[in-house]
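First the structure, in the form of structure tokens, and then the observations on it.
The numbers here are math on the coordinates, done by the rules we state, and not lab data. Quantities reported herein were computed from a predicted structural model and do not represent experimental measurements. Counting neighbours? That spans all protein chains shown, and the Cβs are built from the backbone with ideal geometry, glycine included.
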Amino acid sequence: MPSAMIRSIIPLGVALLGATSVLADPPSCALDKKCPKEAPCCSQYGQCGVGAFCLGGCDPRMSFSLDSCAPAPVCKDKTYKMDSLDRYRDISKYLGDPNEADWVGQGEPAIYNGNTLLTMPPKSVGTVLATTTYMWYGNVKAKVKTSRGKGVVTAFILFSDVKDEIDFEWVGVDLNQVQTNYYFQGIPNYDNSGNISVSSNTFDDWHEYEIQWTPDEIKWLVDGQVGRTKKKSETWNATSNQWAFPQTPARVQISLWPGGLASNAKGTIDWAGGEIDWNGGDIKTYGYYFATFGEITVQCYNAQSPPGTNKKTSYYYNNIAATNDTVVDSDKKTVLKSFGATGTNMDYDDGTATGAGASASVHSIPGGGQPAGQVPGGGTSAGGSSGGGSGAGSAAGCQTTGFSQSCNQPGGSGGPRSVDRTLGASAFAIVVGIAGLLFL
């Protein structure tokens, strides 16, 4: 899926939030429009701010300076069981310490039968989770049951702060193949995609998907079989005089997002299989679309010398070129003191270190604001309970004063719909970065 198409989701977030008087528009940023000094960090949403803007997804090329973004935690070999949300933090609760959390994100994740559900209630923008550590080459594999339905997209990708990207994506109308893709620094190239057939229905059956990434090639595997290989030697771009190959530290990101939103570009909607039906079968039965993620395993590349080392604490860039020879494996710290801190003033304390309450600036959490009922899964107030749905209204039969994922299901048991919502929606959780927004 072209990242440029996915960017069409960003205006949705602006539209959802435009009605609230709490939101103040953060400055925007791009390669030719760096962030101002007072809001120095360019987040993955293309907006400038401090705090969480300076953590995962912060693009140093578009920020006020290379050191505006906080350094990124280095790769760690780990198996994520995905059977608990104890090590998950909403973006409004995370200050950069990977020892406190394995995953950070937005939306409505839930636990069902020992696995993690990524959910997308009606009129929401779904759910996205990203690892708190970065891979600088290595292997990652995930057990996945995708979502289904036209316009519904499941994604399992690697995404770097400078928008290098390696993708697995599934559109909900095609449950017998997975789409693969890669990008260098977010530059759209529509010839980079390729499909892999899957032996059985991706919604009903578990399959294991794996990305093997080295400085020389990428392999995409399904159920242990190599389905596609792309060599770096095949990616030379004579115009830019460089290798158009993903090569910088990346987070593992998983998401469920509405490619078929009516407000999206026609090309995106067509690619996603059509306009999403917010009254579809899974919405009627369970109250949301959902994808299921089982165990995810990360194996670091563990090079003895760059590129691909993880010997110290953090990665940062020493040159705006943002290629693998500009990545530094360093001892710089990764943790911000507060949501008012930045990479150049990480110890700044404005009192928002815990809870990210109403006093936190709208420029310190990507998206900002406190819109009731406009976030994935709803939301009423900082730290409060969630509304009964998202966007225009709640799911039929669910009370608007509280959220229970067992509402409107006959008997109140059985199936994913019976799972009680594990986490309240954050008052700051807005537009989720989905697929390449996460995706930008």
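At a Förster radius of 41 Å, what calculated FRET efficiency corresponds to the Cβ-Cβ distance of Ser305 and Lys143, to the nearest 0.05?
Details: r = 33 Å, r/R0 = 0.82.
Efficiency computed from Cβ-Cβ geometry: 0.75.
Extending 7 Å from Cα along the Cβ direction at Ser199 and again at Glu234 yields two label points whose distance is 2.5 nm.
The separation of the stretch 237-295 from the stretch 123-171, counted between C-alpha centres, amounts to 8 Å.
Neighbour counts of other C-beta atoms within 10 Å: give me Ser305, Ser28, Ser63 arranged from fewest to most.
Numbers: Ser305 8, Ser28 14, Ser63 26.
So the ranking, lowest neighbour count to highest, is Ser305, Ser28, Ser63.
Length gained on full extension, Asp325 to Thr214, computed as 0.36 nm times the residue gap minus the Cα-Cα distance: 38.5 nm. Note on Asp174 and Asn279: their simple-model spin labels are 2.9 nm apart, each label 7 Å out from Cα toward Cβ.
Fewest-first ordering of Glu108, Glu169 by other beta carbons within 10 Å of each residue's beta carbon gives Glu169, Glu108. Here, the stretch 73-300 is characterised by an Rg to Rh ratio of 0.95, where Rg is the alpha-carbon radius of gyration and Rh the Kirkwood radius. If I model the stretch 214-308 as equal point scatterers sitting on the Cα atoms and use the Debye formula, what is log10 I(q)/I(0) at q = 0.11, 0.21 Å⁻¹? Here the Debye-derived log intensity ratios amount to -0.61, -1.16.
Pairs to check: Lys33/Lys230; Lys81/Lys163; Lys78/Lys141; Lys219/Lys266; Lys34/Lys231; Lys81/Lys141. Give those whose C-alpha atoms are more than 23 Å from each other in this structure. Write out the running numbers ahead of the final one.
On the way: Lys33/Lys230 33 Å; Lys81/Lys163 27 Å; Lys78/Lys141 11 Å; Lys219/Lys266 31 Å; Lys34/Lys231 33 Å; Lys81/Lys141 12 Å.
Checking Cα-Cα distances, Lys33/Lys230; Lys81/Lys163; Lys219/Lys266; Lys34/Lys231 exceed 23 Å.
Working from label points 7 Å from Cα in the Cα-to-Cβ sense, the Lys81 to Asn189 distance is 4.2 nm. For the stretch 187-274, the set of chymotrypsin sites (Phe, Trp or Tyr not before Pro) satisfying both a DSSP loop assignment and a count of at most 12 other C-beta atoms within 10 Å is given as Tyr190. Exposure proxy shown here: for Glu208, Glu275, Glu38, the number of other Cβ atoms within 10 Å sets the order, fewest to most, as Glu38, Glu208, Glu275.
Given their separation in residues at 0.36 nm each and the Cα-Cα distance between them, Asn318 and Leu31 gain 101.7 nm when the chain is fully extended.
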